[in-house]
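The values are calculated or read from the model by the stated rules, or taken from the named source; none is laboratory data. Just so it is clear, the structure is predicted and the values come from calculations on it, not from any experiment. Every residue, glycine among them, receives a Cβ derived from its backbone with ideal geometry; neighbour counts consider all protein chains shown. Surface areas here come from the heavy atoms of the whole protein model, side chains and all, with no ligands, DNA or RNA. Shrake-Rupley method; radii C 1.70, N 1.55, O 1.52, S 1.80 Å.
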Amino acid sequence: MVRSDGTPSRPSRRGPKLLFSRARGLPNVYLMSARKPILVTSALPYANGPIHIGHLVEYVQTDIWVRFHKMKGLACTYVCADDAHGTPIMLRAQQEGVAPEVLTERIRNEHQRDFADFRISFDYFHSTHSDENRQLAEYFYRMLRDAGHIERTSVRQPYDSVKQMFLPDRFVRGTCPRCGTTDQYGDNCEACGATYGPADLGNPVSALSGTKPEWRESEHYFFKLADFSDMLKQWTRSGSLQEEAVNKLDEWLQIGLLPWDISRDAPYFGFEIPDAPGKYFYVWLDAPLGYLASFWADRNSRAKRALSIAELQHEWNSCDVHHFIGKDILYFHALFWPAMLEGAGFRKPKEVNTHGFLTVNGQKMSKSRGTFIMARTYLNYLDPEQLRYYFAAKLNAHAEDIDLNFEDFAARVNADLVGKIINIGSRCAGLLERYLNNVLADELPDVALYQRFQQTGDVISSHYEAREFSRAIREITALADVANQYIDRHKPWDLARLPEKQAQLQAVCTQGLNLFHVLITYLKPVLPRVAEQTEEFLRIPPLTWESCLTPLVSHQIGNYQHLMTRVSPDMVTAMSNEARMPEATVATTGPVMTSDDPAAITPLTLEEFTKVDLKVARIIDASYVEGADKLLRLTLDLGQETREVFAGLRQAYEPAALKGRLTVMVANLAPRKMRFGISEGMVLAAGAGGKELFLLSPDTGAKPGMKIK
């Protein structure tokens, strides 16, 4: 409080006052999941391209759920890995002139960087191209083979005689047999939705060479999935799946389960089948085993020794396993995967949680509309925790599609997150700092209001547990409305002008900051960075779910630090403009992650290409960029104007070696705001990156400003 002379009293040295000692009631579902350690996984991103915002729906959803359980004090492990095998990766590595291992390791590092910047906190992030996964693939295969669940059958497949390889269905394109649409995949039609085989296509051609495929026989290995029909019928109805997932699986189970082809012919990037030279495990066999392999690597790291498969089996069977996946890969996770686990003596998942797809502004993500946004493109302009908050405000426990509408995104973030929630801490802490030396009062002026906030935690907790994040966010924003009403009613900014009202000012700000403390506690699974910064300026230990039991009184806080800025429409526009720009390679996503075509390299039409304005530029100055280990600052002469561009050439060139050189730049690229300044274009280079990067230079006689035809 304050002394009679108006100066603030010293905070007491006693600990924070515990207002409430009651034990919280937990929902039954929460008590059930607390019986065993929890192991959580997200679907594995395919290692042939970058993460985009559609992928992030799943990882944000999973990460929030994991962080919530860790805040509750439960033993919870979150593992994932890159899915690193398959024909698309093999072909892209050939295209880049590198070994597949080099390609997949590079992309794994890029994935980990993007995930970390979006605050996705894995306990272990591995790769399916690992010794652990190889051992598991061979072990599961032998267990299934020896139990009679593997059979060999000759199959007729399309073969590309130019590339000398058998073609996966999606590498054959032709005319849909049902609706007649041309240039459709060999397994389904994007126009009418029909499903078929590549032999059904009219005028089929190889997507690799453009030649008509031949049809050749090859012996393949099949997993007899029907052997597990009775088990799967029982397990799928055991409560491990959402109702809509059960209904879909019932359709497949009633039709009857067909043998699953688990082999592919060489050449193929993957693991060779032990007793079948030239045959490789299909990526979908070893991809879900990546969950086990990542868990194994995590346990080896913790034990500081290599656990045996028997020890791994014991560890896995001791956990409640929760998978988070997209609805398009339900078949693999709810039929093939539990059957594999059953056949090898491993415990089946406790839950397989499916989510829907992401649309942007009401439509499928589109590069031409600037809505096919890579994670890194988003990070160049906007706060990652704002997207986490927006996704949380949309997500529920059902496999429903969610829409990212950028107008709604800006409105929700600016009004609810910044305006309602963050602003509480900003206003109260600023007044305490200015007038009361950052000292909180000895007691709360409205204990009943604090109790109301604290007691709502049980409801919010049950929503987080049930994956009803949108309901949790609604409860939290409703509390924020109440907190703002309290502050508006007591008008601390008016109290600050009156010396005789300092005690009231301190009391109101103490109440406001304690309500803010509760709100940030409830939002910590969604906003981990904001929570960490709040812990810093409030000078408190890391927030747990029980932190709300103890209000902050007689406590010295630090100076308020800025937590979040509002969404600027200009930054959204700039991000969309960058997303529209063509890239040398449009990466795809793979089988575990999404239904996106893993084979296709998105074609660029002539009309789209002619929109790219390529011009000759002379480098009139080049210098290092302080604080950047890859960038050089280039000043470019375009004849009628000069531009400043930040280029990732530092490892390949000394600045002095570039001055005076001619190069080629993309002149109509939208300006990109970076922390070093504004980059006004892009210079073109080729190579693997790092030191192996070569600036493109036009022939002698070219002049600055000359258009590239």
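If we count every other residue with Cβ under 11 angstrom of TYR159's Cβ, Lys/Arg +1 and Asp/Glu -1, where does the sum land?
0
Could you work out how far the C-alpha centroid of segment 483-513 sits from that of segment 384-458, in angstrom?
Between the Cα centre of segment 483-513 and that of segment 384-458, the gap is 19 Å.
Extending each Cα 7 Å along its Cβ direction at ILE540 and GLU443, get the distance between those two points in nm, one decimal.
Label-label distance for ILE540 and GLU443, simple model: 2.0 nm.
Averaged per residue, what accessible area in Å² does the chain show with a 1.4 Å probe, protein chains only?
43
What fraction of the Cα pairs in segment 450-535, stated in percent, has a spacing above 20 angstrom?
Roughly 42 percent, rounded to a whole number.
Divide by every residue of the chain the summed helix terms, -39500 (n - 2.57) for each DSSP H run of at least 4, and state the resulting mean residue ellipticity at 222 nm, rounded to the nearest 500 deg cm²/dmol.
-11000 deg cm²/dmol
In whole Å, what three semi-axes, largest first, describe the equivalent ellipsoid of segment 341-438 built from its Cα gyration tensor (square root of 5 times each eigenvalue)?
Working through the eigenvalues yields semi-axes of 36, 23, 13 Å.
Where Rh is the Kirkwood radius over the Cα pairs of segment 35-81, the temperature 10 °C and the viscosity 1.306 mPa s, what D in µm²/s does Stokes-Einstein return?
The diffusion coefficient I find is 135 µm²/s.
Just want the answer: with Cβ charges of +1 for Lys and Arg and -1 for Asp and Glu, which residue in THR354, ALA397, LEU444 is farthest toward the dipole's positive end in segment 345-455?
Sorting the options by dipole projection puts first THR354.
Sequence-distant or interchain residues sharing an amide H contact under 5 Å with ALA441, placed H: which?
For ALA441, the qualifying residues are THR510, SER554.
Calculate how many DSSP beta bridges within the chain are antiparallel, expressed in % of all such bridges and rounded to the nearest 5.
70
For segment 404-554, what is the largest minus smallest coordinate of the Cα atoms on each principal axis, given in angstrom and ordered from greatest to least?
48, 34, 26
Along the principal axes of its C-alpha atoms, what lengths does segment 400-439 span, in descending order and rounded to whole Å?
49, 18, 9
Which value, in nm² and rounded to one decimal, describes the direction-averaged projected area of the C-alpha convex hull of segment 448-493?
If you wrap the Cα atoms of segment 448-493 in a convex hull and average its projections, you get 3.3 nm².
How large is log10 I(q)/I(0) at q = 0.15, 0.19 Å⁻¹ when the Debye formula is applied to the Cα atoms of segment 283-356, each weighted equally and without solvent?
Here the Debye-derived log intensity ratios amount to -0.52, -0.81.
Please compute the alpha carbon radius of gyration of segment 166-215, then divide it by the globular-protein estimate 2.2 N^0.38 Å. Two decimals is fine. Intermediate values should be presented prior to the final figure.
Values: Rg = 9.5 Å, N = 50, 2.2 N^0.38 = 9.7 Å.
Cα Rg divided by the expected 2.2 N^0.38 Å: 0.97.
Determine the dipole magnitude for the chain: charges of +1 sit on the beta-carbon of Lys and Arg, -1 on that of Asp and Glu, nothing else is charged, the reference point is the Cα centre, and the result goes in debye to the nearest 20.
Using Cβ point charges on Lys, Arg, Asp and Glu, the chain gives about 1860 debye.
In the chain, carbon and sulfur make up what percent of the accessible area (probe 1.4 Å)?
Values: 14710 of 30140 Å².
Of the solvent-accessible surface of the chain, carbon and sulfur hold 49 percent.
Once you have all Cα-Cα distances for the chain, histogram them in 20 Å bins from zero and send the whole-percent values.
15, 42, 32, 9, 1
With the cut-off at 1.5 for a/c, could you classify segment 32-153 from its C-alpha gyration tensor as rounded, prolate or oblate? Provide the component values of the computation, followed by the final result.
Working: a/c = 2.54, a/b = 1.17, b/c = 2.17.
Oblate, since a/c reaches 1.5 and b/c is not below a/b.
Return the lysines within reach of LYS72: Cα separation strictly under 29 angstrom, same-chain partners fewer than 8 residues apart disregarded; answer none if there are no such residues.
Those lysines meeting the cut-off are LYS17, LYS36, LYS304, LYS327, LYS348, LYS350, LYS394, LYS420, LYS524.
I need to check one value: relative contact order of the chain, counting alpha carbon pairs closer than 8 Å and at least 6 residues apart, in percent.
Working: 1274 pairs, mean separation 112.8, N = 709.
The value is 16 percent.
Per the chain: cysteines with no other Cys C-beta under 4.7 angstrom?
When partners are defined as cysteine Cβ atoms under 4.7 Å apart, the chain leaves CYS76, CYS80, CYS319, CYS548 without one.
So how compact is segment 391-460: Cα radius of gyration and Dmax in angstrom?
Cα-based Rg and Dmax for segment 391-460 come out at 17.5, 51 Å.
Given GLY54, ALA344, ALA137, which one lies farthest toward the positive end of the charge dipole of the chain, if we put +1 on the Cβ of every Lys and Arg and -1 on the Cβ of every Asp and Glu?
Of the listed residues, the answer is GLY54.
What does the charge count near LEU523 come to, summing +1 for each Lys or Arg and -1 for each Asp or Glu among other residues with Cβ under 13 Å from its Cβ?
After counting each charged neighbour, the total is +2.
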